[in-house]
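Colleague: To start, I am sharing the structure in question, which I have written as C-alpha cells.
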Amino acid sequence: MNDNYLWDGTGEPDPEIQKLEELLGELRYQPQPLHIPADITVGRKRSFFLPMTIAAAIIMFAILSALWFQFSRKPNATTLQSRQDAPVTPTNVRQPESSPEQKTATVKDEPKEQKPRRQLNRNLLAINKPVKRHETLAPRLTPEELAKREEVLVALRLVSAKLNLAQRKTVGVPQTTSPNIIRNQHKIG
Amino acid sequence: MIETQATADMLLMTHPFSAPAEKAEPVEVALVRAVLEGERDRFARLYEMYAPMVHGVLLARVPRDEVDDLVQDIFLHALKKLDTLRDAAAFGPWIAMIARNRAMDFYRSSRTTVEVTEQMAVAKTPNRTAREVLDLIKQLPDAYRETLVLRFVEGMTGPEIASRTGLTPASVRVNLHRGTKLLRERMGVAEARS
C-alpha cells in the first residue's frame, strides 16, 4: 500500500485507492448556498449580567460595612459626635489669652455668657458619667448656731448618761466607773 | 533527504538569512471576528470552507438523503451560537463537534435504520456502487469511517483532514491506513500488502 498517496496524494498512485476515489466521488458535497433567515441574530450578545452582579455586590458591601461601622461604634463616640455637631457658641471657641484685668472686665461686662458654659459642662458630665451621686451637703451654720448645737449635744449626752444610770439601778447591776473592766478574774497558776 | 538538504543549506548559507516570519492569523479568525461584529455575509465564506468537512462527517453517520438538510441546520445553529466560540481559530473542530452531536441526535430521534450485515457485504460482486461502499465504510469503527469519508468522498488530503477536524496528523494517518485496510478486507479484495 502506498502510504504517501493515501496520505497526501503524492507519490505513485495506488490503483485501488484511485478506484475508491472515483467511485465515492459521486457522493461528494455539491455546493449549495446557505440560506440565512432574517430573524437570526448575529453578533456578540452584550451580557449585562456580570457587570450588574459586580455593581450589586459593591453596593451591598458598602451598605453592610456602613451598618457594621454604625453599630460597632462605642456609645462615647455618639456623644462626642453630638458634641461636635453642637452649634458653635462663643463659649466653645477658645478665647485668646488676655490679662487678668481684661478677664475680670469681660466677666463683669458679660455675666450672662458664663451660664451657658457651666450648663454645657454639666450636661457633658452627666452624659459621660451617668453615675448618680447622692451627696447631702451640710448646711453652713453660723458660730452662734454651732454653739447652740454643741449645747444641745452636751445636754443630750447628759440625759443619756442619767438614763443609763437609772436603768442600771433598777436592774441591780453594780455601778462601775468604767464599762471595760473585766470581772471575776482569777490568778492563773 | 529533505532534512539533509536543509542542514546543508543552513551550514553553507546558500540562502540569505532571514528571521522567521510571524505566524499569520488564520483566515477563520478574521472571518469569525467579522461575523461577530455584524458582517453576516462573511459567514458564507466560512460555510464554503467547512461545508465539505461537515458533509463528510455527517455522511459517515446518517443517511445520505438527510445530509444536505442537516448541513444547513448545523451552519445556522453555528451562526446563532458563534458568540460562544472562545477560540476563533478552532472553528473547524467546533463545527465538526456540532455535526457529530447532531448526527447522534438524529439517531436518537429516528430509530428506523437498516443494519447492513456481513453477509450482504460479502455476497455482492466486486462491481459495487458508491452507496454500497459507503455502507461498508459506515460499518467500520467510528474513528476510521469519518477519516475515510473525508479522504475518499470529499477528496481531502490527510493534512487537510487534520487541520479541519482538529485531529493530530499522526492520528489521521493511522486512521487512514488501518481504515483502508479494514475496508479492503470487507470488500473482499484485501491483499496481504505491507
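A short reminder: the numbers here are calculations on the coordinates, not readings from a lab. Here the structure is a predicted model, which is why all the values come from computation and not from measurement. For neighbour counting, all protein chains shown are included, and Cβ atoms are generated from backbone atoms with ideal geometry for every residue, glycine included.
Colleague: At a 10 angstrom cut-off on C-beta neighbours, averaged per residue, how do the peptides B:37-44, B:60-67 rank from highest to lowest? Mind showing how you got there, number by number?
Modeller: Details: B:37-44: 14.4, B:60-67: 17.5.
The most tightly packed comes first, giving B:60-67, B:37-44.
Colleague: May I ask you to evaluate 6.51 cos²θ - 1.76 cosθ + 1.60, the Karplus curve with θ = phi - 60°, for each residue of the range B:89-94 and list the ³J(HN,Hα) values in order in whole Hz, giving x for glycine and proline?
Modeller: Result, rounded to whole Hz: 5, 9, 4, x, x, 5.
Colleague: For a quick check: sort B:107, B:144 by the number of other beta carbons within 10 angstrom, fewest at the front. Don't skip to the end; give the middle numbers.
Modeller: Values: B:107 11, B:144 22.
Ranked by crowding around the Cβ, least crowded first: B:107, B:144.
Colleague: Return the long-range amide H neighbours of residue A:14 (sequence gap of 5 or more, or a different chain), with a cut-off of under 5 Å between placed amide H atoms.
Modeller: Long-range HN contacts for residue A:14: none found.
Colleague: Quick one: 3J(HN,Hα) in Hz for the range B:81-86, Karplus 6.51/-1.76/1.60 with θ = phi - 60°, rounded, Gly and Pro as x.
Modeller: Working through the residues one at a time gives 9, 5, 6, 8, 6, 7 Hz.
Colleague: Please compute the Kirkwood hydrodynamic radius of the range B:23-113 from all pairs of different C-alpha atoms, in Å with one decimal.
Modeller: Numbers: mean 1/r = 0.0732 Å⁻¹.
Final number for the Kirkwood radius of the range B:23-113 is 13.7 Å.
Colleague: Something else about it: Using a 10 Å cut-off on Cβ atoms, rank the peptides B:91-102, B:24-35, A:152-163 from the highest mean neighbour count down. Provide the component values of the computation, followed by the final result.
Modeller: Working: B:91-102: 19.8, B:24-35: 15.8, A:152-163: 10.0.
Highest-to-lowest ranking by the protection proxy: B:91-102, B:24-35, A:152-163.
Colleague: If you count, for every residue in B:173-186, the Cβ atoms of partner chains within 10 Å of its Cβ, what is the mean?
Modeller: Values: counts 4, 0, 0, 4, 4, 0, 1, 7, 1, 0, 2, 4, 0, 0.
Mean shielding by partner chains, rounded to a whole number: 2.
Colleague: Under the Karplus relation 6.51 cos²θ - 1.76 cosθ + 1.60, θ = phi - 60°, what is the ordered set of whole-Hz ³J(HN,Hα) values for the range A:16-24, x standing for Gly and Pro?
Modeller: 5, 5, 4, 5, 4, 4, 5, 5, 7
Colleague: Which distance in Å, rounded to a whole number, links the C-alpha centroids of the range A:53-70 and the range B:77-91?
Modeller: Computed from Cα coordinates, the inter-centre distance equals 38 Å.
Colleague: I've got another one for you. Just order B:177-187, A:54-64 by mean Cβ neighbour count inside 10 Å, highest at the front, would you?
Modeller: Working: B:177-187: 18.2, A:54-64: 10.1.
In decreasing order of mean packing, B:177-187, A:54-64 become B:177-187, A:54-64.
Colleague: Relative to the present Cα-Cα distance, how much length would full extension add between residue A:54 and residue A:10 at 0.36 nm per residue of separation? Mind showing how you got there, number by number?
Modeller: Details: separation 44, 0.36 × 44 = 15.84 nm, distance 5.81 nm.
Computed gain between residue A:54 and residue A:10 is 10.0 nm.
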